[in-house]
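In what follows, a structure is listed as structure tokens, so that the remarks can point back to it.
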Amino acid sequence: MERIADVSPTLPLSAYLELTKPRINALVLVTAALGFFLGGKGIQAPLELVYFLLGTAFVVGGAGVLNHVLERDVDRLMERTRNRPLPAGLIRPGVAMSFGLCLVLSGLLLLLSTTNLLTAFLALLSAFLYVVVYTPMKRLTWLNTSLGAIPGALPPVGGWTAATGELEAGAWGLFLILFAWQHPHFYAIAWIFREDYHRGGFKMLPVVEPDGRSTCRQIVVYSVLLIVVSTLPTYLGISGWIYLCGAVLMGLGMLLVGIGLSLSRSHLDARRLLKASVLYLPLLLLLSVVDGGF
């Protein structure tokens, strides 16, 4: 029988924090802040940035909690997730659901009152796509990775609109970079943990096609696409030529690691690709800020 702990004030706050997926939330906030910085040509209104990031953190954290609620039974089946607060019985599902909804609603109200309607709508759209579309699609189709990449790429767009109030070409350039980057990153994760995903019934591409041919093809295609779209900030005038050279070189490096995985189809090279993707994104973001064309 499932063990459910009584929810009380003595329950560690860390259990609630874990439900909000803090690592993912932190990455989202970094990309959202980048959109605000690049869209606003620097930080002209620091207090508005703080409000925007706080509202975004609430919405993203709430969406993470709701994802935990919907996947609690599956999480119990997988080695790397069975000790999460819900499958471990630390928090009741109903309490977690209320917590998640309160976070999302609070974040949306904060964004509405301190930024603008467009930014709040983008946050709501991102949460909806993540919870209502991506989460169930993980059990239905390998295309879930591409579907999940849409809400994952929206935060910098929200940052841009929070700073400018408008959807401009630069915002969509950042969207395309994040959209392309997520594919090799999450395909590498799915490759590494495919046995766990199989136990959980998730239709990740490395699970439905164990020989890895299609996975490797997707990794190479999106790595090439990433090189192309990463040049957009320079051509759109929001970053300079130093950024462009760095983006192309780093993109080529990640592509080479992806090709290496395609040739070996080994667990080791999948981990190398994951590490490369984890290094790539913060370095690219740093370059775009340092070499911003302001």
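Every number here is computed from the coordinates shown, using simple stated rules; none is lab data. Source: prediction; values computed, not measured. Quick reminder, even Gly has a Cβ in these numbers, built from the backbone with ideal geometry, and neighbours come from all protein chains shown.
Observations
- Cβ-to-Cβ counts within 10 Å put PHE186, PHE128 in ascending order as PHE128, PHE186, the fewest first.
- Straight-distance candidates among the aspartates and glutamates for linking to LYS21, with alpha-carbon spacing under 16 Å and chain neighbours fewer than 8 residues away dropped: GLU71, ASP75.
- Mean separation of Cα contacts under 8 Å (6+ apart) over length of the chain, as relative contact order %: 19 percent
- Taking the number of Cβ atoms within 10 Å of each Cβ as an exposure proxy, the fewest-first ranking of HIS183, HIS267, HIS68, HIS198 is HIS267, HIS198, HIS183, HIS68.
- Which label in [x] 39, 20, 16; [y] 31, 28, 14; [z] 45, 32, 22 gives the computed semi-axes √(5λ) of the Cα gyration tensor in Å: [y]
- Structural size metrics of segment 104-183, computed from C-alpha coordinates, are Rg and Dmax of 13.2, 38 Å.
- Sorted peptide list for 257-265, 87-95, 49-57, criterion being average Cβ within 10 angstrom, highest first: 49-57, 257-265, 87-95
- Volume of the Cα convex hull of segment 168-294, divided per residue and given in Å³: 92 Å³
- Remark: segment 276-291, residue by residue, has Karplus-estimated 3J(HN,Hα) of 4, 5, 5, 6, 4, 5, x, 5, 5, 4, 4, 4, 5, 6, 4, 9 Hz, where x stands for each Gly or Pro and the curve is 6.51 cos²θ - 1.76 cosθ + 1.60 at θ = phi - 60°.
- Inter-label distance for SER98 and VAL133, nm, one decimal - labels placed 7 Å from Cα along Cα-to-Cβ: 3.1 nm
- Percent RCO, i.e. relative contact order, over segment 168-294, from Cα pairs under 8 Å lying at least 6 residues apart: 32 percent
- Computed lengthening from VAL278 to GLU166, 0.36 nm per intervening residue step minus Cα-Cα distance: 37.3 nm
- Estimated FRET transfer efficiency when R0 is 25 angstrom, pair ILE259-LEU286 (beta carbons, to 0.05): 0.50
- Distant-in-sequence amide H partners of SER239 (H built 1.01 Å from N, under 5 Å): THR234, GLY293
- Dipole moment magnitude, nearest 20 debye, the chain about Cα centre, only Lys, Arg, Asp, Glu C-beta charged: 660 debye
- Multiplying the residue separation of VAL248 and ILE24 by 0.36 nm and subtracting their alpha-carbon distance yields 78.1 nm.
- Couplings 3J(HN,Hα) for segment 48-57, derived from phi with the Karplus relation 6.51 cos²θ - 1.76 cosθ + 1.60 (θ = phi - 60°), are 4, 5, 4, 4, 4, 5, 5, x, 5, 4 Hz, where x marks Gly and Pro.
- Size of electric dipole in segment 168-294: Cβ of Lys, Arg +1 and of Asp, Glu -1, about Cα centre, debye, nearest 20: 340 debye
- Distance (nanometres) between label positions extended 7 Å along Cα→Cβ at GLU48 and LEU109: 2.3 nm
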